[in-house]
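Scroll down for the structure; my scribbles are underneath it.
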Amino acid sequence: MNWPEHMFIGALFGIAAAVALNAAMVDAFFIVGVASLSSLVPDIDHDSSKIRKTADIVVPISAFAFSIASTCSNDLFCIFPHFNEILILGLAITGLYMIVLTFLRPKHRGITHTLFSAAVFGLVLYLFSGFPFALAGFAGYASHLFADKHIKVI
């Protein structure tokens, strides 16, 4: 199945999550969006997947943005005095991502295609954004597994 089909099915699961949460229209829009995007996450283990290509660009940018935000929490102009710290943290995060996906990458439809990984993904979203987005992320992730007809617990 290709990525537009996965996103469409993820959006359907997102609509179901929004209905289950009795979400307001604006919240439902974001819930459906999170579920739709989350439906691509299981394929991060595949080199030519849309999510992998996107993550290869977004992760380094986000790593450096996080490094700046965590080092210069109140003053954006503190970048220059703390340039070395920001550079090291950004490179460390990017390096960790690259090491995992290059050397520790699971086989396609391995651990990333399990309900366990869907639950871990939902838990991470819960810690960062709360229950509605965690449910949406879990629903979108699980929709990918259902669409692939490849559902494993672990």
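The values are calculated or read from the model by the stated rules, or taken from the named source; none is laboratory data. For clarity, every value in this text was computed on a predicted model and none was experimentally measured. Using ideal geometry, Cβ is built from the backbone for each residue, glycine included, and neighbour counts are taken over all protein chains shown.
Looking at LYS107 and the list (1) modelled with pLDDT under 80; (2) among the basic types (Lys, Arg); (3) crowded, with 16+ Cβ neighbours inside 10 Å, which single condition is not satisfied?
Answer for LYS107: the failing condition is (3).
Taking interchain pairs and intrachain pairs at least six residues apart, which have beta carbon atoms under 8 angstrom, with the first residue in region 115-141 and under 16 Å from PHE30 (Cβ atoms) and the second charged (D, E, K, R)?
PRO132/ASP27
Report, by residue number, each residue of region 101-114 that is over 22 Å from ALA63 (Cβ atoms) and in a loop (DSSP other than H, G, I, E, B). Spell out how you get there, then give the answer.
From region 101-114, those over 22 Å from ALA63 (Cβ atoms) are 107-111, 113-114; that's our starting set.
Matches in region 101-114: LYS107, HIS108, ARG109, GLY110.
Out of region 45-62, which residues are among the aliphatic types (A, V, I, L, M) and touching a residue at least 40 places away in the same chain (Cβ under 8 Å)?
Answer for region 45-62, where residues must be among the aliphatic types (A, V, I, L, M) and touching a residue at least 40 places away in the same chain (Cβ under 8 Å): ILE51, ALA55.
Find the residue count for region 125-154, including only residues that are in contact with a helix residue (DSSP H, G or I) (Cβ under 8 Å, 6 or more places away or on another chain) and in a helix (DSSP H, G or I). Show your work before the answer.
Just the residues of region 125-154 that are in contact with a helix residue (DSSP H, G or I) (Cβ under 8 Å, 6 or more places away or on another chain), to begin with: 125-126, 132-148, 150-154.
Filter again for in a helix (DSSP H, G or I), leaving 125-126, 132-148.
Total meeting the criteria: 19.
Here's the yes/no breakdown for (1) part of a loop (DSSP other than H, G, I, E, B); (2) of a type in the set (D, E, K, R); (3) farther than 19 Å from LYS53 by Cα; (4) modelled with pLDDT of 85 or more:
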{"site": "ASN74", "(1), (2), (3), (4)": "yes, no, yes, no"}
{"site": "ALA92", "(1), (2), (3), (4)": "no, no, yes, yes"}
{"site": "LEU96", "(1), (2), (3), (4)": "no, no, no, no"}
{"site": "ILE99", "(1), (2), (3), (4)": "no, no, no, no"}
{"site": "PHE116", "(1), (2), (3), (4)": "no, no, yes, yes"}
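Residues checked against (1) in the same structural domain as SER117 (by TED's automatic domain parsing); (2) hydroxyl-bearing (Ser, Thr, Tyr); (3) closer than 18 Å to LEU125 by Cβ:
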| position | (1), (2), (3) |
| --- | --- |
| LEU21 | yes, no, yes |
| ALA28 | yes, no, yes |
| ILE57 | no, no, no |
| SER62 | no, yes, yes |
| ALA69 | no, no, no |
| PRO81 | no, no, no |
| GLY90 | no, no, no |
| MET98 | no, no, no |
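Would you tally the residues in region 9-44 being in a helix (DSSP H, G or I) and without any contact (Cβ under 8 Å) to a residue 12 or more places away in the chain?
Of all residues in region 9-44, those in a helix (DSSP H, G or I) come to 9-20, 25-38, 41-44.
This time we only want the ones that are without any contact (Cβ under 8 Å) to a residue 12 or more places away in the chain, so: 19, 25-26, 29.
The qualifying residues number 4.
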